[in-house]
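Engineer: Structure below; questions to follow.
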Amino acid sequence: MLSKVGSYDHARLTADRARTWAEVSGSPLAAAAASRELAIVPRHQDRHGEAQRLMTSAAADVEAPGLRTDAAAAAYAQMLCTLAYTAARGGQRAQALAMVEEARHSARRLPQAPPPGRLLPISPAAVDLYAVGVHWALGDAGAALEAGKDLRPDQFPTAERKARLGTDSAGLVGVEPARADCPRAAGRAPGRPRRGPGPARDQR
């Protein structure tokens, strides 16, 4: 939240302290979640290389013990989604697409409704929503429409994720003039565009 309002110094300090205490706790998932929050700060400042290094390290730390539980698989999928979007914002197309596909693979066994209390409650639908953002950031409106064509608000339990679906859908309005008022509608429309401008601001 501090990053989203432009308070980057406070955001970095808060996230760094959170990561320190998460590491002290001995929980690799807590440490990964804190590292993700820390990586988002430089990403919002367009320091994509630094953000990617932090996220790559966090993903490797989650994967190293093995993804034996749904909680670990969810954490790994979340790290990959954030890494994919970070790479896309930095113009690293091949890495972004590879990471979002690996996230889909990791999330395929997860339930559509994450259990209460899960630290990183991602679902297959949430990964698809990240894919929309990745393709849109890369300037590929057609792929973004395809990735989001089956997404519905009822698949997302929080107001923040429902809003993200709405804003991503709204961002695609106009790329298919007079026909596409949401990813689902645009996914059925012929002659979908393959290219389009990326988002003006990083708000994830």
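The values are calculated or read from the model by the stated rules, or taken from the named source; none is laboratory data. These numbers were taken from a predicted model, which means no experiment stands behind them. A quick note on method: Cβ atoms are made from the backbone with ideal geometry, for glycine too, and the neighbour counts reach across all protein chains shown. Protein only, heavy atoms only, side chains kept; ligands, DNA and RNA dropped before computing areas. Shrake-Rupley method; radii C 1.70, N 1.55, O 1.52, S 1.80 Å.
Engineer: With the requirement that a residue be open to solvent by less than 60 Å² (accessible area, probe 1.4 Å) and of a type in the set (G, A, S), what does the range 88-122 give you? Don't jump to the end; show me each part of the working.
Structural biologist: Applying the first criterion (open to solvent by less than 60 Å² (accessible area, probe 1.4 Å)) to the range 88-122 yields 88-91, 96-100, 103, 106-107, 110-111, 114-115, 118, 120, 122.
Those that are open to solvent by less than 60 Å² (accessible area, probe 1.4 Å) and of a type in the set (G, A, S): A88, G90, G91, A96, A98, A103, S106, A107.
Engineer: Are there any helices (runs of 4 or more DSSP H) wholly within the range 1-78 with 2 or more residues that are at pLDDT below 85 and surrounded by fewer than 14 Cβ atoms within 10 Å (Cβ to Cβ), and if so which? Let's see the steps before the verdict.
Structural biologist: Details: elements: 8-25, 28-44, 48-63.
Helices (runs of 4 or more DSSP H) meeting the threshold: 8-25.
Engineer: Take A125 and decide whether it is modelled with pLDDT of 95 or more, farther than 23 Å from L38 by Cα, open to solvent by less than 10 Å² (accessible area, probe 1.4 Å) and of a type in the set (A, V, I, L, M). Working first, answer last.
Structural biologist: Details: modelled with pLDDT of 95 or more: yes; farther than 23 Å from L38 by Cα: yes; open to solvent by less than 10 Å² (accessible area, probe 1.4 Å): yes; of a type in the set (A, V, I, L, M): yes.
Taking the combined requirement at face value, the residue satisfies it.
Engineer: For the range 67-94, what are the residues that are without any contact (Cβ under 8 Å) to a residue 40 or more places away in the chain and either β-branched (V, I, T) or in contact with a Phe, Trp or Tyr (Cβ under 8 Å, 6 or more places away or on another chain) (or both)?
Structural biologist: L67, T69
Engineer: Output the residues belonging to the range 96-127 that are in contact with a Leu (Cβ under 7 Å, 6 or more places away or on another chain) and of a type in the set (D, E).
Structural biologist: E102
Engineer: For the range 149-160, name all the residues that are buried (at least 19 other Cβ atoms within 10 Å of the Cβ) and not hydrophobic (A, V, I, L, M, F, W, C).
Structural biologist: none
Engineer: Of the conditions (1) open to solvent by 10 Å² or more (accessible area, probe 1.4 Å); (2) within 19 Å of E37 (Cβ to Cβ); (3) not acidic (D, E), C81 clears all except one; give me its number.
Structural biologist: (1)
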